[in-house]
Amino acid sequence: MARRRKPSAFLTKTFKLINSTDESIIAWNADGTGFVVRDSETLIRDVIPAYYNLKKYSSFVRQLNMYGFHKVGSPEHLEYQHPLFLRDNEAALIGIRRMAVTAKPKKASATRRKRKRDDDEYKEKLKGIY
């Protein structure tokens, strides 16, 4: 028997949050293809803690970005969209996947670079001796 996938808890909670919160704080856009944050201060202070363990609005936005949401409109206009995050279509959430986080290669620290230079110089000296 095939195992049925479920949408992530973050997406399910976000969907429920938008549907159950006062529209003066957060609401679906006119055509239901995204949502608009109208009062980010009240959202993070009063609403978000009931759904997530987040304390900053930027943390909420980071989570949205990890699921492929995009901010649309001007910088002052806080509207977010995802092609599968649609009003009245909670079943579509199953198609939204969290993007894989890739580690950035670390730059060699100044100390490590100096140590390598010292090692290289030492090896050159040894070549001259042997």
Ignoring ligands, DNA and RNA, how do MET99, MET66 rank by accessible area with a 1.4 Å probe, largest first? MET99, MET66
Here the net charge surrounding PHE35, from other residues whose Cβ is less than 9 Å away from its Cβ (Lys, Arg +1; Asp, Glu -1), is 0
Counting only Cα atoms, I'd like the Rg/Rh figure for the range 1-120, Kirkwood definition for Rh. 1.18
The local net charge around ILE48, scoring Lys/Arg +1 and Asp/Glu -1 for residues other than ILE48 whose Cβ lies under 15 Å from its Cβ, equals +3
Select from ASN89, THR33, ALA100 the residue farthest towards the positive end of the dipole of the range 33-105; place +1 on Cβ of Lys and Arg, -1 on Cβ of Asp and Glu, and compute about the Cα centre. ALA100
Measuring from centroid to centroid over Cα atoms, what is the spacing of the range 1-44 and the range 67-95 in Å? 9 Å
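The values are calculated or read from the model by the stated rules, or taken from the named source; none is laboratory data. Keep in mind that this is a model prediction, so the values were computed, not measured. Glycine also receives a Cβ, built like all others from the backbone with ideal geometry; neighbour counts cover every protein chain displayed. Side chains are part of the model used for accessible areas, which takes the heavy atoms of the whole protein and leaves out ligands, DNA and RNA. Shrake-Rupley method; radii C 1.70, N 1.55, O 1.52, S 1.80 Å.
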